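Q: Below is one structure. I have some questions about it.
No lab work stands behind these numbers, since they all come straight from the coordinates. Everything quoted here is computed from the prediction, not taken from an experiment. Cβ atoms come from the backbone with ideal geometry, glycine included; neighbour counts cover every protein chain shown.
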Amino acid sequence: MNQAVNPDLQTVTQVTHWTDRLFSFRVTRPRSLRFRSGEFVMIGLPGDNGKPVLRAYSIASPAWDEELEFYSIKVPDGPLTSRLQHIRPGDPIILRPKPVGTLVHDALTPGRRLWFLATGTGFAPFASLLREPETWEAYDQVIMMHTCREAGELDYGRALVAGLAEDPLIGDLVAGKLLYYPTTTRDETRFKGRITDTLASGQVFADLGLTGPLSAETDRAMVCGSLAFNRDVAALLDRFGLREGSNSAPGDYVIEKAFVGDGV
Ligand code: FAD
Ligand code: A2P
């Protein structure tokens, strides 16, 4: 079966393995697909019984990119990723072209500092938004906080952030505006600790030379991690006086699940 027969079928163009649990890949983009940087779609592979195995995935590439990029976990016995982790360039992949999501600029009211708060593969929507010109046009400062247990899990984000300055479209816009704060909670690295703790204690402000704490007047935030992380960050942002927003009622911060946990 090819794209001409099934318009939902796209072709893998590139695969990069970052750790034994994480990989990224790029696929062809259907001409008709329009999305806002930060949104997610359903992607998958054909199942044994002819029924596709589909899962939600944040689009990690920006809206202007000719291809689509995704950043994925490898769950050893996961119905999709136990197979998806073996894809190679040229392989077909199913993509349902109905992008949705709340991690979009439209869902935030204007502010001066924008915080991207992610754990694990929750970095994916920010890989899109960091390459989105609107991010750099709308804010004076963007702080990318990404926390993982181990140092190797930060590699995809680290490489992406390092490439921003060289990006012909946004390199000039990014200059002097981006503060990157990768932390680990198990491995020893330059910055250690949970995002919730470094925000609450003021450590991140001290490390980056920023004025704190967060305030609804200047700060906006986008959050993507596990359910527990999202819940705890939301409680913290509420405490600082920020209000949650949505597509229909823009606010000071927005939240998306990076995945749905066991038994949830
Ligand atoms: P599943 O049966 O779906 O999951 C099995 C178990 O693995 C889960 O119960 C959970 O404990 C764990 N798990 C699943 N996904 C993750 C993850 N990303 N990180 C850590 N543990 C996980 N996944 C991505 O890898 N990249 C994305 O960009 C992405 N975007 C998502 C956006 C949304 C809105 C949602 C709801 C989920 C997203 N996911 C993403 C999760 C994705 O939909 C699948 O759960 C994942 O691909 C695993 O699929 P599976 O069929 O192999 O296992
Ligand atoms: P920790 O190692 O202290 O649990 P996980 O792999 O469990 O999804 O976690 C990814 C990262 O997010 C880890 O660094 C983990 O820190 C951190 N984390 C998990 N839950 C929370 C939470 N509720 N608040 C803040 N950080 C969290």
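Q: Hey, in the GNM for the chain with a 10 angstrom Cα cutoff, which one of Ala206, Ala127, Ala107 fluctuates hardest?
A: Largest GNM mean-square fluctuation: Ala206.
Q: Need the list of lysines near Lys51 for cross-linking: C-alpha distance under 20 angstrom, and skip anything on the same chain fewer than eight residues off.
A: Lys98
Q: Moving on. Using θ = phi - 60° and the Karplus form 6.51 cos²θ - 1.76 cosθ + 1.60, what ³J(HN,Hα) does each residue of segment 184-195 get, whole Hz, x for Gly and Pro?
A: Whole-Hz 3J(HN,Hα) from phi for segment 184-195: 10, 10, 10, 6, 7, 9, 4, 10, 10, x, 6, 4.
Q: Would you work out which of Gln14, Pro62, Val41 lies farthest towards the positive end of the dipole of segment 9-100? Charges go on Cβ: Lys and Arg +1, Asp and Glu -1.
A: Checked the options; the winner is Val41.
Q: Could you give the size of the charge dipole of segment 9-100 about its Cα centre, using +1 on the Cβ of each K and R and -1 on the Cβ of each D and E, expressed in debye and rounded to the nearest 20? Present the calculation step by step, with values, prior to reporting the outcome.
A: Details: 13 positive and 9 negative charges, 53 e Å.
Computed charge dipole of segment 9-100: roughly 260 debye.
Q: Now for a different question. Nearest 10 degrees is fine. How inclined is helix 227-239 to the longest principal axis of the chain, computing both from alpha carbons?
A: 30
Q: Next up: Go ahead and estimate [θ] at 222 nm for the chain from helices alone: -39,500 (n - 2.57) per DSSP H run with n ≥ 4, summed, over the residue count, rounded to 500.
A: -5500 deg cm²/dmol
Q: Compute the FRET efficiency between Phe191 and Trp64 as 1/(1 + (r/R0)^6), taking r as their Cβ-Cβ distance and R0 = 30 Å, and round to the nearest 0.05. Each step should come with its number before you reach the end.
A: Working: r = 31 Å, r/R0 = 1.04.
That pair, Phe191 with Trp64, gives E of 0.45.
Q: With a sphere of radius 11 Å drawn around the Cβ of Arg243, what net charge do the other residues whose Cβ falls strictly inside it have (Lys, Arg +1; Asp, Glu -1)? Don't skip to the end; give the middle numbers.
A: On the way: positive: Arg220; negative: Asp238, Glu244, Asp252.
Taking every Cβ under 11 Å from that of Arg243, the sum is -2.
Q: In addition: If you line up the long axis of helix 155-164 against the longest principal axis of the chain, both from Cα atoms, how many degrees apart are they, to the nearest 10?
A: With rounding to tens, the tilt is 70 degrees.
Q: For the chain, with a Gaussian network of springs between Cα atoms less than 10 Å apart, report the residue from Pro46, Pro92, Pro133 with the top mean-square fluctuation.
A: Comparing Pro46, Pro92, Pro133 in a Gaussian network model of the chain, the most mobile one is Pro46.
Q: Further, regarding this structure: Mean-square fluctuation check for the chain, GNM, Cα pairs under 10 Å: which of Arg131, Arg190, Arg55 is largest?
A: Comparing Arg131, Arg190, Arg55 in a Gaussian network model of the chain, the most mobile one is Arg190.
Q: Determine, from the Cβ-Cβ distance of Ala234 and Glu134 and an R0 of 35 Å, the FRET efficiency 1/(1 + (r/R0)^6), rounded to the nearest 0.05. Can you show the working numbers first?
A: Details: r = 24 Å, r/R0 = 0.68.
The pair Ala234/Glu134 has a calculated efficiency of 0.90.
Q: Rounded to whole Å, give me the distance from the Cα center of segment 76-94 to that of segment 214-264.
A: If we compute the Cα centre of each part, the gap is 31 Å.
Q: Using the charge dipole of segment 105-255 (Lys, Arg: +1 at Cβ; Asp, Glu: -1 at Cβ; taken about the Cα centre), state which of Ala138, Met222, His105 has its Cα farthest towards the positive end.
A: Positive-end residue among those listed: Met222.
Q: Run the dipole for the chain about the Cα centre, Lys and Arg Cβ at +1, Asp and Glu Cβ at -1, nothing else charged, and hand back the magnitude in debye, nearest 20. Please report the intermediate quantities before stating the final value.
A: Numbers: 28 positive and 33 negative charges, 102 e Å.
With only Lys, Arg, Asp and Glu charged at Cβ, the dipole is about 480 debye.
Q: Same structure, new question: Restricting to bridges with both residues inside the chain, how much of the DSSP beta-bridge set is antiparallel, in percent to the nearest 5? If you can, show how the numbers build up before the last one.
A: On the way: 25 of 53 bridges.
So the antiparallel bridges in the chain amount to around 45 percent.
Q: Take every Cα pair under 8 Å in segment 129-213 that's 6+ residues apart, average their separations, divide by the length, and report that relative contact order as a whole percent. Please list the in-between numbers first.
A: Numbers: 100 pairs, mean separation 26.2, N = 85.
Over segment 129-213, the number comes to 31 percent.
Q: Whole-Hz Karplus ³J(HN,Hα) for segment 20-36, in order, using 6.51 cos²θ - 1.76 cosθ + 1.60 and θ = phi - 60°, x for Gly and Pro?
A: 3J(HN,Hα) across segment 20-36, in whole Hz: 6, 10, 9, 8, 10, 8, 10, 9, 4, 10, x, 4, 7, 6, 10, 8, 9.
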